[in-house]
1. Any residue at all in the stretch 121-129 that is of a type in the set (Ser, Thr, Tyr), over 19 Å from ASN192 (Cβ atoms) and in contact (Cβ under 8 Å) with a residue 24 or more places away in the chain?
2. All but one of (1) touching a His at 6+ places or on another chain (Cβ under 7 Å); (2) in a strand (DSSP E or B) hold for LEU183; state the number of the condition that does not hold.
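Only the coordinates and a few stated rules stand behind these numbers; no lab work does. Computed from a prediction, not measured in an experiment: that's the story for all the values here. A quick note on method: Cβ atoms are made from the backbone with ideal geometry, for glycine too, and the neighbour counts reach across all protein chains shown.
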Amino acid sequence: MQSDLTHARLEQAFAASGLTQAELARASGIDRGSISLYLSGRYCPKADKLMRLAAALSVSPEWLSGVDCAPSEPALPFPVMVSLSPEGALVPGPDTQRIPRSQLGSAAPEDCFVLQMQGLAMYPRLLEGDRLLVKRTRTLPDGSIAVLAHQGRLLVRQVQGRVLQAANPEYPPHTRTEAMVLLGRAITLIRNL
C-alpha cells in the first residue's frame, strides 16, 4: 500500500535527519501535531505537506512518496552561522541546514559552514535571509563571493582583484587589507521561496 511505503520512508528520512519533531515542524512549516500523526502512521501527508516534509528532510518528494525507488542522497546537518563573537569566531543561530553531500564537492564537511545573509550590501544578488554554503579557503578567484571578518562584522562581497565589491551600489567598495580575515568562499546559494 502506498501510504505504508510513505510512512516507512518518512520514518527512515526522519531518523537519518537527526531532527526532533519540533525541529521538523519548524523546518517544514507543518504543525507538530500533524508531524506526530504522520510519523506514527495514523495519517498520510497530502501532496503539499509531502513536498514540505521532503524539502525539510533533504529527500526528493518522489522518493518519500514511494514513486521513486532510488534512495535519497545523504544530507549533512550544518549549524547556520549568524554573526561573529567578540573574539572573531563564527556564532551559530538556533537553526541547522541540511546539505546534500554532493554539494560539498571535494570539500570535507569540517571545511564548510552555512552563513545566513543579513543586510542589503549584496542585494539584489543575495537577499536578506538567504543562506550560503561556504568553503574555507585561502584563495579567492576573481568573481567569487568572499566571506570575511572585518572590525567585528561579517562582510560578504564579490572579489575583483584586491577590491571587494557590494552588489548594491549604495555600499562602497572595500580594498582588501591584512586586517580582513578571510573566512571562506561561497559555493552554493540556498534560497527558500
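1. Looking through the stretch 121-129, none of the residues is of a type in the set (Ser, Thr, Tyr), over 19 Å from ASN192 (Cβ atoms) and in contact (Cβ under 8 Å) with a residue 24 or more places away in the chain.
2. (1)
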